[in-house]
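Contents: one structure, followed by commentary.
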Amino acid sequence: TMSADTQAAEKAIRELIEDWMQATAQGDAARVLSLMSDDVVFMTAGREPFGKKEFAAQAAGLKDVRLEGVARPVEIKVLGDWAYLRNHIDLTMRPKGGQPMKRAGYTLTILNRQQDGRWLITRDANLMPPPG
């Protein structure tokens, strides 16, 4: 059975993902940025890995696009102050006056527990196929 600490960590990670999806849907980029470490690295198909600054710029570029998503954690494994998460995401991007675009697929995320006890995303590999 899982220790109470591991259960609490899993719960905190699930809440972080909910928070991320909610903040994304609300266009609250500041909230999304607060859920990642300063040295975060994102990996997506077809581009070089990028960090928090590039993520923020990309979010600003999408401010007229509504992002609605459902995240379904498939596997969460807590290893002390580190954890990994396999997540299935269904995402709909709705540009103002444009056609909605749907994407779905998996992400693999590494999280780190901070000294204040909060979990933050520190590495994220997004395996959803690019649009088109």
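The values are calculated or read from the model by the stated rules, or taken from the named source; none is laboratory data. Predicted model only: the values in this text are computed from it and were never measured. Reconstructed Cβ throughout: ideal geometry from the backbone, glycine too, with neighbour counts over all protein chains shown. These accessible areas exclude ligands, DNA and RNA; they are computed on the full protein's heavy atoms, side chains included. Shrake-Rupley method; radii C 1.70, N 1.55, O 1.52, S 1.80 Å.
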Taking a crude spin-label model, label points 7 Å out from Cα along the C-beta direction, the Gln114 to Ala8 distance in nm is 1.8
Placing each pseudo-label 7 Å from Cα in the direction of the beta carbon, Leu62 and Val74 end up separated by a distance in nanometres of 2.0
Straight-line reach check, Lys53, cutoff 22 Å on alpha carbons, 8 or more apart in-chain or any other chain, hits among lysines -> Lys63
Any residue on another chain or 5+ positions along whose placed amide H is under 5 Å from the amide H of Met36 is listed here as Ile121
Once phi for every residue in region 28-41 is put through the Karplus expression 6.51 cos²θ - 1.76 cosθ + 1.60 (θ = phi - 60°), the whole-Hz ³J(HN,Hα) values, with Gly and Pro written as x, are 8, 4, 4, 5, 4, 4, 6, 9, 10, 6, 5, 9, 4, 10
Matching label for the computed Rg and Dmax of the Cα atoms in Å, out of (i) 13.6, 40; (ii) 15.4, 45; (iii) 14.9, 51, is (iii)
Result for region 1-118: accessible area per residue, probe 1.4 angstrom, in square angstrom, of 63
The alpha-carbon center of region 30-73 and that of region 89-132 are separated, in whole Å, by 7
Computed Rg/Rh for region 37-114 (Cα atoms; Rh = Kirkwood radius) stands at 1.01
Ignoring ligands and nucleic acids, Arg47 exposes an accessible area, probe 1.4 Å, in Å² to the nearest 10, of 110
With the 8 Å Cα cutoff and a minimum separation of six or more residues, the chain has a relative contact order in percent of 24
Treating only Lys and Arg (+1) and Asp and Glu (-1) as charged, each at its beta carbon, one finds that the chain has a dipole about its Cα centre, in Debye to the nearest 20, of 440
So, with points 7 Å from each Cα along the Cβ direction, the Lys96-Ala25 label distance in nm works out to 2.2
Phi-derived 3J(HN,Hα) across region 67-74 with the Karplus relation (6.51, -1.76, 1.60, θ = phi - 60°), rounded Hz, x for Gly and Pro, is 10, 10, x, 10, 10, 10, x, 9
